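Taking it in order: structure first as structure tokens, then the write-up.
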Amino acid sequence: MDWYMMNCELLATCSALGYLEGDVYHREPDCLESVKDLIRYLRHEDETRDVRQQLGAAQILQNDLLPILVQYPQDKVLFDAVVRLMVNLTQPALLCFGKVPADAASRHHFLQVLSYLQAYKEAFANEKVFLVLSEKLYDLLQLDWEQRQEEDMLLIERILLLVRNVLHVPPDPPEEQGVDGDASVHDRVLWALHISGMDDLLKFLASAQVEQQWALHVLEIISLMFRDQNPEELAALGQGPAGAEHGEDTRELETLRQRELAEKRARALQRPSRHSRFGGSYVLQGLKSIGERDVVFHKGLHNLKSYSHDLGKEPRRVPRRRQAAPESELSRRSARNVRLFLRHFCQDFLEGCYNRLMLLVKDQLVREKAQQHDETYYLWATAFFMAFNRRRGFRPELVSETVSVRAFHFIEQNLTKYYEMALMDKKEATTWVRRMHLALKAYQELLRTVQEMDRSPEQAVRDSSQVIKSNIFYLMEYRELFLTLFRKFDETKQPRSFLRDLVETAHLFLRMLERFCRGRASLVVQSKRVRRKKKPRAPAALTPPPPSTAELEELWAGLAPQLQACLEGEVPLPEDVVPFDAASETPVEEQRAEALLRIQECLWRSQVPQALRLLRSARDVWPEGDVFGAADAGPSEETRLLREILVAPLPRHTPPEPEEPEDEEEEDEEEEEETVQVSEKEFNFLDYLKRFACAPVVRALVLLLRGYARNSPRTNHCAARLLHRLARDLHMEPLLFQLSLFALFHRLLSDPAAGAHQELVTLAKFILGKFFALAATNKKAFVELLFWKNPTTVYEMTRGYSSLQEGEGAPRSRVHPWTPQEEQELRELYWKYKEVEGEDVIAAILAHLPPPGRTRKQVVKQLVRMGLASSARDFPRERKGTRIVLWTQDQEEELTRLFEEFRGSDDVLGNIMKHLTARRSRARVVEKLLGLGLVSERKELYKKRRRKSHGHGPGQAVAGMPAVPAQDSSAEDEDSEEEEDEEDEVDEGPMEENWAPEEGAGQGLAQHLHQEGLAGPLRWLQNCLRRAAQDREEDGTTQPVPLVPLTEENEDAMESRRFQTLLRQLGLRPPASEQESFWRIPASLTPQQLRRAAASIAHHGPDPSGSPQDPPEPPKCPQDPCAGEGPGWGCGAPTSGDGPEPLSLCPSAEQLPAELGLDSESEELVPVPVPSPAQSGTKRCRKLDSEDEDGGSSAPSPLPPPTGAGLAPAAPCSEEDEEDEDLQPRGRRKRVRCLEEEEDEEEG
């Protein structure tokens, strides 16, 4: 619609409404139609809101619509139309434009519409308007539900929306120019709303059972009514004498008066000068000027304190993105009569409406019946009315709906959601921060209410408070909330008011938690630990599976006639088939592999002529190696080659994954699986407080204290108390040795009004005294002032900078650091092999690097760190699938020769791979050996593992102790990589250990375990071995048998590293994968070997219980099956005897009581057959998850700790070594057992 035509139509429409003569409005006959036309025009306005701006400029609402509303309320149709039009006109500007526009033109239109809305709000400050609306709303609410029509429901909603829109209009401070106590436009609207009785109707809507659908509308209007009010000041209104209401003003005036008097005294003490020209000139020794000379000061000495090098300099401009976030709301005090009316409204609302209304709103929010972000009104109401109730006598029954664990959970969930959205949605971060601030205020008020409940004279209220505190202190989410908010605080996004409430809430939470822990001997809380497990990234697209062998044979039978016709020349071959592209960037080797794939795909699609032409063309391009046949190959040779290509398992190329925008250091990036383990532990308040000893928390507190003069006394107290906790309670005074904090202390101590901040002055003197005391012994403390510190730095500043490296608990990096000489050698090798074509640069560097050995990943990272490469993508790995697949006759003969040569070695396949001329993957070599018939199954190529001999080396027996294989230290390197050839290996499954235990294996270690009190578990193990031997003799079958402990004593033994060493020496196998939970007796052990192993662990000395130690056969329980009936559960009889004094390997450890472990029942094992994956077999799965609740027990462990791989006697053990034994009393563990049992099917 044309702009000028629109103006004419709007003018004509507005003229047809009527005219105002004095106080009487005369409407025209077409008044109703004109109102409807205006509604239609507003519906079709453009993005600049031109119609709305023109109606606002013409003051249609002030001059026409409001008089029509007041003088013609009896005309129902016209009244409905006018209300509908006013709801549209008073719509908030943010809803009209979606957001505050960024460009200047759109922002101008936005501000214009906002100015018209402020003019509308001033026009609504009329008692007659709200009186008409109140009467109409009252008449509609008098109707029963059966009598109300749909038009009546719409009119009720529109009246509520109109009131909401009017109250929503923001103030215009430059226009109002008011001070605290004056009546603003918002106050006059509230007073008109009160005089008309609209507030009583709102309370009725909030409390009536039949009007619950208007709950959110009412709550939104109430929140806008109290927008500028402070609940504590509102509650204190009218309490005590009149002078007490101005206590805050009195304190502020007193502070200003002290500052003025101090400045006056300072000026009186200054030395006067006759004239500014005779002030004198002075040289400031030790303070250098721009050159090498000292500063010459040309003013009086009384101005010396104000001297700075920055005098006369232009202040540095702060970029907009780094400017502090502005305050979202400005506090203002309304007129007294308005505040009195609002205070009475709050009292009535709390007594009759609050609990019911909040229940309805919470239900609508949970059921998602409300609009988006309506939960902010719920959060505001929770904070406001609970603060009012706490300040106004505190009656907990009035706010019982929002004082519960569910309320804490709801607020914590929303606070976490707003925090995460503020980090992700950068453009709307300010809005999310404002919502987060509302949630934080509600959380703070909940804590204050619970604290007030502790002081209640009623026992039931105090008990409820204890229940709530025990719940919120138990869960980890509530304890970690403040740490997260402190660490992610951003002053450019979050205003100072948010930081103020965060500090006050954190102080309150810490004080409540400290008092809660102080009254208890121990406090058990929930702990969650996130475990990340890397898994290879899934391919972007799944390729279809290749045809099976039977399908390929059937396909070849159909292709043979066509191939014969092509070879005889009956079918012409295509001429446009080219296997090689010289202009392509793909390497020649990859193009050769792609040619093989193209030939195979042509054969799969039955395109025999194209396949034959590709084969001959590729033979001409790549004649070397006879990969595509010899140059003089005949029809029979070509037929054989095509058949091999058809059935060959050629590697298929997967489609490339889309690149992510982030820079990846590794090409083969791996995803992580996160699993959360929930457990319990004993809570220590000081350990929790140490989490706050970090730079982000101290930086936030210093930022808040910079405005100590503007802060309230409570805010300064909370910040000072938090700093005092970190410095004094944790003995980390150097954590506060920071230059910005010292500058703040200097400004505070030189402030004439410092007497009003005595707590901060005391803290400043304490910190400064500690700093100068430390600086006397540590000269580097002055340099440390420039940096924010962590607990590690604090420890080094006080104990010495090399104390952590030399201490016992010093963390050692597994990766050897690069020395300057190594970096120089790496740089030379890189430039040497960088330009070599056809060679992997990283592989060449690794081959020439001196020890210690480096991995490919470490070298690539160091090259990127040194700036020689931009990222790890500059060194891609050699892609798989580019190797030769077809075997020539010479290569087959070489493979056969190597197999015959190394056939009797321990590692047949490994030796073949080392000596093979053409480099191929292990999987290809295995397939070819199977295809040539040299081996019948893959197990024949498995590496044979032999038992290590008892020589003099690491891990061997010392002083009569049993030998344990030494662990390979190279396995500790997390960055170690597998060989490239092993990546293509198929899953060969777990390998059985075929070596047999020698005579008397484990005998020495078993005797020491007997002396340590593990006689019961050893008897159980001995019975299990004998029972397995008996079952294997009777059944004639050999299946792996799991060792399933059923008592806690046996479980503790199975978790002991010494006991596991004994199991390995006896030839038992640990769990091979995550699918297994228990140790197993391998199927390779014969009954004779099992009996020898059982005899080797028998106790040959006198047993403490007094019975013979090595009976010929353990007695069976009545439940044991007879011979031939199959395996069953059995138990061994406990033995007794007097034993010698136990031998202690650790002189500092306490001696073990001789009676320990004698009351445990022996267990025997059912030899359960282990089903294969193809069988529908069952298994017994048991999962144990334990965690020590108290790792720092003061009592020493009664068991000696391990002293190394060889378990040789060592020096006196420390408490840390005793904890590593993982043998704690049973009562200090919590185990989660998950047993899934099904009966095994018996065989024969």
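Looking only at residues in the range 92-115 that are farther than 25 Å from LEU224 by Cβ and either small (Gly, Ala, Ser) or touching a Leu at 6+ places or on another chain (Cβ under 9 Å) (or both), the one that is least open to solvent (accessible area, probe 1.4 Å) is SER106.
The rows are residues; the columns are (1) open to solvent by 10 Å² or more (accessible area, probe 1.4 Å); (2) assigned to a helix (DSSP H, G or I); (3) closer than 17 Å to GLN1088 by Cβ.
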{"position": "LEU1005", "(1), (2), (3)": "no, yes, no"}
{"position": "HIS1010", "(1), (2), (3)": "yes, yes, no"}
{"position": "ARG1032", "(1), (2), (3)": "yes, yes, yes"}
{"position": "THR1038", "(1), (2), (3)": "yes, no, yes"}
{"position": "LEU1046", "(1), (2), (3)": "yes, no, no"}
{"position": "GLU1051", "(1), (2), (3)": "no, yes, no"}
{"position": "GLN1060", "(1), (2), (3)": "yes, yes, no"}
{"position": "ARG1064", "(1), (2), (3)": "yes, yes, no"}
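Results for (1) under 25 Å from ALA918 (Cβ atoms); (2) of a type in the set (Asp, Glu); (3) modelled with pLDDT of 80 or more, shown as yes or no for each residue.
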{"site": "LEU597", "(1), (2), (3)": "yes, no, yes"}
{"site": "VAL608", "(1), (2), (3)": "no, no, yes"}
{"site": "ALA611", "(1), (2), (3)": "yes, no, yes"}
{"site": "VAL621", "(1), (2), (3)": "yes, no, no"}
{"site": "PHE628", "(1), (2), (3)": "yes, no, no"}
{"site": "ASP632", "(1), (2), (3)": "yes, yes, no"}
{"site": "LEU641", "(1), (2), (3)": "yes, no, yes"}
{"site": "VAL647", "(1), (2), (3)": "yes, no, no"}
{"site": "PRO651", "(1), (2), (3)": "yes, no, no"}
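Of the residues making up the range 313-336, those that are loosely packed, with under 13 Cβ neighbours inside 10 Å and modelled with pLDDT of 75 or more number 13. Within the range 13-23, the set of residues being open to solvent by 60 Å² or more (accessible area, probe 1.4 Å) and closer than 11 Å to ASN63 by Cα comprises TYR19, LEU20, GLU21, ASP23. When ALA756 is tested against (1) modelled with pLDDT under 90; (2) in contact with a His (Cβ under 7 Å, 6 or more places away or on another chain), only condition (2) is not met. For the structure I just gave you, tell me whether SER803 is surrounded by 12 or more Cβ atoms within 10 Å (Cβ to Cβ), modelled with pLDDT of 80 or more and polar (S, T, N, Q). Considered against the rule, which asks whether it is surrounded by 12 or more Cβ atoms within 10 Å (Cβ to Cβ), modelled with pLDDT of 80 or more and polar (S, T, N, Q), SER803 comes out as no. State whether the residues of the range 141-148 include one that is open to solvent by less than 40 Å² (accessible area, probe 1.4 Å) and in a helix (DSSP H, G or I). Among the residues of the range 141-148, at least one is open to solvent by less than 40 Å² (accessible area, probe 1.4 Å) and in a helix (DSSP H, G or I), which makes the answer yes. In summary, ALA235 fulfils each of the numbered conditions (1) closer than 23 Å to ILE156 by Cα; (2) open to solvent by less than 10 Å² (accessible area, probe 1.4 Å) with the single exception of condition (1). Taken together, ILE68, ILE60, ILE39 contain a single residue that is β-branched (Val, Ile, Thr), farther than 17 Å from LEU155 by Cβ and either at pLDDT 90 or above or open to solvent by 60 Å² or more (accessible area, probe 1.4 Å) (or both), which is ILE60. One residue stands out in the range 901-936 among those that are within 48 Å of the chain's Cα centre (by Cα) and open to solvent by 90 Å² or more (accessible area, probe 1.4 Å): the one that is nearest to GLN889 (Cα to Cα), namely ARG919. Pairs meeting the criteria (first residue in the range 449-476 and touching a residue at least 12 places away in the same chain (Cβ under 8 Å) and under 22 Å from ALA506 (Cα atoms), second residue of a type in the set (A, V, I, L, M, F, W, C) and in a loop (DSSP other than H, G, I, E, B), beta carbons under 6 Å, at least 6 apart or on different chains) are THR449/VAL403; GLU452/PHE394.
Would you mind stating whether SER470 is of a type outside the set (A, V, I, L, M, F, W, C), modelled with pLDDT of 90 or more and open to solvent by 10 Å² or more (accessible area, probe 1.4 Å)? Working first, answer last.
Values: of a type outside the set (A, V, I, L, M, F, W, C): yes; modelled with pLDDT of 90 or more: yes; open to solvent by 10 Å² or more (accessible area, probe 1.4 Å): yes.
Answer is yes for this residue.
Kindly indicate whether any position in the range 245-262 is closer than 30 Å to ASP182 by Cα, at pLDDT below 70 and open to solvent by 60 Å² or more (accessible area, probe 1.4 Å). For the range 245-262, residues closer than 30 Å to ASP182 by Cα, at pLDDT below 70 and open to solvent by 60 Å² or more (accessible area, probe 1.4 Å): present.
Confirm whether PRO561 is open to solvent by 80 Å² or more (accessible area, probe 1.4 Å), at pLDDT 80 or above and not hydroxyl-bearing (Ser, Thr, Tyr).
Values: open to solvent by 80 Å² or more (accessible area, probe 1.4 Å): yes; at pLDDT 80 or above: yes; not hydroxyl-bearing (Ser, Thr, Tyr): yes.
Yes; evaluated as a whole, the condition is true for this residue.
Check the range 415-425 and report whether any residue there is modelled with pLDDT of 90 or more and touching a Pro at 6+ places or on another chain (Cβ under 8 Å). No: zero hits.
When ASP363, ASP348 are checked against the criterion of being of a type outside the set (A, V, I, L, M, F, W, C), open to solvent by 10 Å² or more (accessible area, probe 1.4 Å), at negative phi and within 40 Å of the chain's Cα centre (by Cα), ASP363 stands alone in meeting it. Taking residues in the range 137-161 that are of a type in the set (Val, Ile, Thr), and partners anywhere that are not in a helix (DSSP H, G or I), the pairs with Cβ atoms closer than 9 Å and at least 6 places apart or on different chains are ILE156/ARG148.
The sole residue among GLU122, GLU127 that is under 51 Å from the mean Cα position of the chain (by Cα), more than 25 Å from GLN213 (Cα to Cα), open to solvent by 70 Å² or more (accessible area, probe 1.4 Å) and modelled with pLDDT of 90 or more is GLU122. Confirm whether ARG356 is at pLDDT 90 or above, farther than 25 Å from LEU201 by Cβ and surrounded by 13 or more Cβ atoms within 10 Å (Cβ to Cβ). Judged against the criteria, ARG356 is not a match. Taking LEU1068, is it open to solvent by less than 40 Å² (accessible area, probe 1.4 Å), of a type in the set (A, V, I, L, M, F, W, C), under 26 Å from GLN1011 (Cβ atoms) and free of Cβ contacts under 8 Å to residues at least 40 places away in the same chain? Here the answer is yes, as LEU1068 does meet what is asked.
The values are calculated or read from the model by the stated rules, or taken from the named source; none is laboratory data. Please read all numbers here as calculations on a predicted model, not as lab measurements. Methodologically, a virtual Cβ is constructed for each residue, glycine included, from the backbone with ideal geometry; neighbour enumeration extends over all protein chains shown. Note: areas computed on protein heavy atoms with side chains; ligands, DNA, RNA excluded. Shrake-Rupley method; radii C 1.70, N 1.55, O 1.52, S 1.80 Å.
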